[in-house]
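> My questions all concern the structure below.
Rule-based calculations on the coordinates, nothing more; no lab input. This structure is a prediction, so every number in the text was calculated from the model and none was measured. Here the Cβ is made from the backbone with ideal geometry for all residues, glycine too, and neighbour counts use every protein chain on show.
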Amino acid sequence: MVQLAQWQEKFAALGVNVAAMTYDSREILADFHSSENLGYPLLQDENAKHVLAFGVLDEDYAPGHRAYGIPHPGIIFVGSDGIVKAKYAVPGYRKRPPFDMLYKDLETLSK
C-alpha cells in the first residue's frame, strides 16, 4: 500500500483515483492510514463481498477461517461507468503487478 502511495500522483495525472481495500477492521485501517500518512482512502470489505464479486478470493482459506476473505494481491481498475476495465490479481502474496506496467496499461485504458 505504501508503494501505491508513491504512484498515486502519476495515476491522478491520468484521471485515475486510487483506493485500497482489505478485510481488516475499520480501526486497523484507520491506524494504518494515519501511521503511513496515505493520501488515498482505505476501504473495508466486510464478509469478502467485493473480493468475491471481483473473483480474486484466495481459495486457501475456507469460510470460518480467520484469514477468510483474503484476496489474491492485485489491482482492479474500475471505469467511471462502474465496469471493471482491467484486473491484475495473482495467487500468492509475495508478487504484485509492477506499477510501471500498470501505469502504461492504465494510460492506454484511460484514453
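> Computed from these coordinates, which is mean projected area of the Cα convex hull in nm²: [x] 9.3; [y] 7.1; [z] 8.6?
Label [y] holds the value from this structure.
> Given a Förster radius of 35 Å and the C-beta distance between residue 62 and residue 37 as r, what FRET efficiency does 1/(1 + (r/R0)^6) yield to the nearest 0.05?
Once the sixth-power term is evaluated, E becomes 0.45.
> Let's test the formula: R0 of 22 Å, r as the Cβ-Cβ distance of residue 105 and residue 52. What FRET efficiency results, to the nearest 0.05?
0.35
> Now for a different question. Of the residues 81, 45, 60, which exhibits the maximal mean-square fluctuation in a Gaussian network model of the chain defined by a 10 Å Cα contact cut-off?
Checking each option, the largest mean-square fluctuation is seen for 81.
> Here's a follow-up. Within a Cβ distance under 14 Å of residue 34, other residues only, what is the Lys/Arg minus Asp/Glu net charge?
-3
> Rank 53, 19, 86 by mean-square fluctuation in a GNM of the chain with C-alpha springs under 10 angstrom and give only the top-ranked residue.
53
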